[in-house]
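Comments concern the structure below.
The values are calculated or read from the model by the stated rules, or taken from the named source; none is laboratory data. Given the structure is predicted, the values throughout are model-derived calculations rather than measurements. Backbone-built Cβ (ideal geometry, glycine too); neighbour counts: all protein chains shown. When the accessible area is computed, the model is the full protein with side chains, heavy atoms only, and any ligands, DNA or RNA have been set aside. Shrake-Rupley method; radii C 1.70, N 1.55, O 1.52, S 1.80 Å.
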Amino acid sequence: MLASGLLLGALFLCLSALMVLSVWRQRKVCSRLPPGPTPLPFIGNYLQLNTEEMFDSLMKIGEEYGPVFTVHLGPRTFIVLTGYEAIKEALVDQAEEFSGRGKLATFSWLIDEFGVALSNGERSRKLRRFSITTLRDFGMGKRGIEERIQEEAGFLVEAIRATKGTPIDPTFMLRCTVSNVICSIIFGDRFEYEDKQFLSMLQMIKGSLQFTATSLGQLYEMFSGVMKYLPGPQQQAFKELKGLEAFITEKVQENQATLDPNSPRNFIDSFLIKMQEEKENPNTEFFMKNLIMTMLNLFFAGTETVGTTLCYGFLLLMKHPEVEAKIHEEIDQVIGHNRLPKFEDKAKMPYTDAVIHEIQRFGNINPISLVRRVTKDTRFRGYLLPKHFLDEKGQFKKCDAFIPFSIGKSYCFGEGLARMELFLSLTSMLQNFHIHHPLLKEAIDFSPTMLYEMFSEVMKYLPGPQQQAFKELKGLEAFITEKVQENQTTLDPNSPWNFINSFLIKMQEIGEKYGPVFTVHLGCRIVVVLTGYEAVKEALVDQAEEFSGRGEQAIFSWICGDFGVAFSNGERSRQLRRFSITTLRDFGMGKKGIEERIQEEAGFLVEAIRATKGALIDPTFMLTCTFANVICSIIFGDRFEYEDKQLLSMLQMMKGSLQFTATSMGQLYEMFSGVMKHLPGPQQQAFKELKGLEAFITEKVRQNQATLDPNSPRNFIDSFLIKMQEEKENPNTEFFMKNLIMTTLNLFFAGTETVGRTLSFGFLLLMKHPEVEAKIHEEIDQVIGRNRLPKFEDKAKMPYTDAVIHEIQRFGNLNPTGMARRVTKDTRFRGYLLPKGTDIYPMLGSVLNDPNFFTCPEAFNPQHFLDEKGQFKKNDAFIPFSIGKRHCFGEGLAKMELFLSLTTILQNFHIQSPLPKEAIDISPLMVGFVNIPRSYTISFLPRG
């Protein structure tokens, strides 16, 4: 008995000491912190807070203690900021000090300090920088992802249309739609709405997130140190988070098994590649735990916030049908019913924009925001902290206090994507439907509890009138034939002026006599010629800096001068090239973001071909339109109908000026441009066509200037204009109007002609070799089938098709001389001194036909790119896009276009020639600085 008494006494003394220590520590801390209600030992201010209405409880405390006050949630101490001025002063004016991420107990249980959302310090900075850059590479918040959101909105509309007006809860559909957009970026694909894996994921997200909004969830935030070991609903939340972790881990393992370091398909691939690059770095932040937790962060953020906002938005529109009516009116005026909404429409729809902003403000779905943490002892307002939207004219007006994505250094970097999703999803829905509630609007409850109780609400969507117009392509064969006849030019191989043709024919002989490096005199110009892979690689790769200048291409230099990304030199070239590569990647070029755009355009091409009903056609025009539209969607922000007069005019001007370079007079102009530019002749027509293209682009730039929103670039031109504004005070800037127009001209040429001519020549070769087409059909049927669109990731499983495309590019040899280079300084090369400014022709044609690398260079043979097991093999001498510092940075886009377009066409058709294969002439029509394939006719017959 005495022993028991002593034990109880000792326990009482220990508890008393702990309580005294707790009170002493609280008072010591509180003496330096902002004021607030007096806390009790252990439980803090728990008795003064309503955990079911935490936000309201905190706001009431703020009314008593001011906009900056202290509360104690159990043993945890928090500084609460209320109102715009206090939050802005902390997160913007003292951004660095308030940039840390505080603890969220439910998620910290699994995530700890890993991943982009809840980490701190250098880890947070590196992962955030990488995530922003990579998500932009895959199109997030830019034009590249817009088509993906439009497509997903289309699936949503069809799913709702299938309900035929019966009452439904739209929450599930909306969450599926929004989740699929982020899935397409981070996983590289979408899920069907009925997919069991997808449904399981969404349920796990919903369950774990809903737990944080319950009373027990709030209690867990205060006492997680104890409650994580106790039974209760928190254990189910942990189970759901672990389930999500397991799903993501499996996705990562699938990507690892099929990873191509040269062609990342999604966010996971990019992170895995970064892990490989930094595997020798002992301080790297790119390891598996950070990858899995970053994926979990992105999946949560990209699924819940926008979906919940849209749910709340439709609830509010049912409560306020007059608002819905005004949105319908604005949609009818600006968008109509015959096309999809575009994000650029937002600038012309101030009322809809204001409604979306007000839904976000009134919905207030993240009222307390993510917890921040000060990164060092910080003085704030004298305390020491330890470590509405339309104007009177009806136009949209910004409000500084509208910060649903937070502000400062740790703001939500998915803001651009969320804004695009909200606008496109809402307008797509209301373009097709109006909403109705079975209750009177007065009975609709949108109190805060509705955020997670909306599942019991019922909404009814009544289909409204919608019309879809599909223009019939009439007389396309006759139109194309007329265009070909108007522009066809014949080549006289015996012409004494056809210098470059004889130059190419004699190149092997000259190389055998003088070696792979020799000099030719083109009129007054002295040019050093490099032939064969070894010489070209030694110059453009091993001495890349010395050979990185751009030599003269006289016909284009007439219009471009030393302006634009393609023909400039020095610092101008470096700045424009760096900007162009980054901006084009921002708009999805060569990545997943542009893949859907190419698939869509390939679909238009298939429909145009189907309309010919198997008649003989020249496919060159259709193919050129297809690839022109892909690059147009990036640089201009839109595509053209194939009958559009502007498009036809542009393509004609481009074709005419390019063909001139392959004629005898064109080669003569390269030699004597100083004189011939002043003389009459076909060069004057080429100049006229180039000036016409310049005028067209100038007009496009002016249109963009008139509607420019510096915070929301729609295309390449917008991005360049914004850069011009940013550097307008810089006297040495390279971002001015002449460089914009010439860079756009360069990109339009490069993005249209090369791929179109390659594929046109490819179909000619397939008619010559029907056995090759048959093998491609077999591979398409095995890997892709007939019931879905080809994807670029299919290429890895289709070695024969990949080899054929490479062989078409090699054998086609469309740029035989390569773009002229220029040495940037006096350069020693293979024992010779090349003075600064010497022009160089790196003969790409000689590399693609180098017998040391290709066994039968004169023959079309896909085996050049297949090993003995029939698997694709790389060949160093395959450089149709050149190599070194001035290689074509559109290579990734071109590869994607070639694969997706060829497979899409051959998935739907087989080809037939009007001639026996022995009579098909595959020699080029014109041979110059570019090779022009012959015109021909072909039938595309639907596959049975």
Problem set entry | Contacts under 7 angstrom Cβ, first residue in the stretch 823-844 being at positive phi, partner outside any loop (DSSP other than H, G, I, E, B), 6 or more apart | ARG830/VAL517; GLY837/ARG822
For this session: Determine whether ILE808 is buried (at least 23 other Cβ atoms within 10 Å of the Cβ), under 20 Å from GLU694 (Cβ atoms) and more than 20 Å from the chain's Cα centre (by Cα).
Result: no
Exercise. Quick check: anything in the stretch 567-590 closer than 21 Å to LYS791 by Cα and touching a Leu at 6+ places or on another chain (Cβ under 6 Å)?
Worked result: yes
For this session: With respect to LEU219, determine if the residue is open to solvent by 10 Å² or more (accessible area, probe 1.4 Å) and under 30 Å from THR352 (Cα atoms).
Result: no
Exercise. Can we say GLU699 is modelled with pLDDT of 90 or more and either within 23 Å of the chain's Cα centre (by Cα) or farther than 24 Å from PHE640 by Cβ (or both)?
Worked result: no
Exercise. If you go through the stretch 862-918 one residue at a time, how many are closer than 14 Å to GLY751 by Cα, in contact with a helix residue (DSSP H, G or I) (Cβ under 8 Å, 6 or more places away or on another chain) and either of a type in the set (Ser, Thr, Tyr) or open to solvent by less than 40 Å² (accessible area, probe 1.4 Å) (or both)?
Worked result: 7
For this session: Please verify whether the stretch 304-318 includes one or more residues that are open to solvent by less than 20 Å² (accessible area, probe 1.4 Å), within 18 Å of THR133 (Cβ to Cβ) and more than 19 Å from the chain's Cα centre (by Cα).
Result: no
For this session: Return the total of residues in the stretch 152-179 being assigned to a loop (DSSP other than H, G, I, E, B), open to solvent by 50 Å² or more (accessible area, probe 1.4 Å) and either among the small types (Gly, Ala, Ser) or farther than 25 Å from MET204 by Cβ (or both).
Result: 4
For this session: Answer yes or no as to whether LEU576 is modelled with pLDDT under 85, open to solvent by less than 10 Å² (accessible area, probe 1.4 Å) and closer than 26 Å to GLY818 by Cβ.
Result: no
Exercise. Do the conditions hold for LYS825, that is, is it charged (D, E, K, R), more than 30 Å from GLN907 (Cα to Cα) and surrounded by fewer than 21 Cβ atoms within 10 Å (Cβ to Cβ)?
Worked result: yes
For this session: Kindly provide the set of residues from the stretch 260-292 that are more than 17 Å from ARG585 (Cα to Cα), buried (at least 18 other Cβ atoms within 10 Å of the Cβ) and of a type in the set (D, E, K, R), ordered by number.
Result: LYS274, GLU285
For this session: Please indicate, with yes or no, whether at least one residue in the stretch 256-275 is touching a Ser or Thr at 6+ places or on another chain (Cβ under 7 Å), charged (D, E, K, R) and more than 24 Å from ARG76 (Cβ to Cβ).
Result: no
Problem set entry | In the stretch 695-718, the residues that are closer than 19 Å to PHE587 by Cα and aromatic (Phe, Trp, Tyr) | PHE716
Exercise. What are the residues in the stretch 243-275 that are closer than 18 Å to MET798 by Cα and aliphatic (A, V, I, L, M), if any?
Worked result: ALA257, LEU259
Problem set entry | Conditions (1) open to solvent by less than 20 Å² (accessible area, probe 1.4 Å); (2) modelled with pLDDT of 95 or more: number failed by LEU764 | (2)
Exercise. Among the residues of the stretch 709-722, is any within 19 Å of ASP562 (Cα to Cα) and either open to solvent by 30 Å² or more (accessible area, probe 1.4 Å) or in a loop (DSSP other than H, G, I, E, B) (or both)?
Worked result: no
For this session: Give the number of residues within the stretch 180-203 that are assigned to a helix (DSSP H, G or I), open to solvent by less than 50 Å² (accessible area, probe 1.4 Å) and out of contact with any Lys or Arg (no Cβ under 8 Å at 6 or more places or on another chain).
Result: 4
Problem set entry | Failed criterion for THR733 (all others in (1) closer than 13 Å to PHE579 by Cβ; (2) in a helix (DSSP H, G or I) hold) | (2)
Exercise. Which one of these is modelled with pLDDT under 80 and touching a Lys or Arg at 6+ places or on another chain (Cβ under 7 Å): MET227, MET222?
Worked result: MET222
For this session: Take the stretch 113-143 and flag every residue that is at pLDDT below 75 and out of contact with any helix residue (DSSP H, G or I) (no Cβ under 6 Å at 6 or more places or on another chain).
Result: ARG143
Seminar exercise, completed: Flagged in the stretch 601-635 as modelled with pLDDT under 90 and aromatic (Phe, Trp, Tyr), in numbering order, are PHE621, PHE627
For this session: Looking at (1) under 30 Å from SER200 (Cβ atoms); (2) open to solvent by 10 Å² or more (accessible area, probe 1.4 Å); (3) assigned to a helix (DSSP H, G or I); (4) touching a helix residue (DSSP H, G or I) at 6+ places or on another chain (Cβ under 7 Å), find the lone condition where LEU296 falls short.
Result: (2)
Exercise. Is there any pair with a first residue in the stretch 131-157 that is among the aliphatic types (A, V, I, L, M) and a second that is surrounded by fewer than 23 Cβ atoms within 10 Å (Cβ to Cβ) and modelled with pLDDT of 80 or more whose Cβ atoms are under 7 Å apart and which are 6 or more apart or on different chains, and what are they?
Worked result: LEU156/MET173
Problem set entry | Residue ID - nearest to GLU85 (Cα to Cα), chosen from residues in the stretch 44-67 that are part of a loop (DSSP other than H, G, I, E, B) and modelled with pLDDT of 75 or more | PRO67
Exercise. What are the pairs, 6+ residues apart or on separate chains, where a residue within the stretch 282-297 that is farther than 14 Å from ILE186 by Cα has its Cβ under 7 Å from a residue that is part of a loop (DSSP other than H, G, I, E, B)?
Worked result: THR284/GLU278; PHE286/GLU278; LYS289/PHE114; ASN290/PHE114; ASN290/GLY115
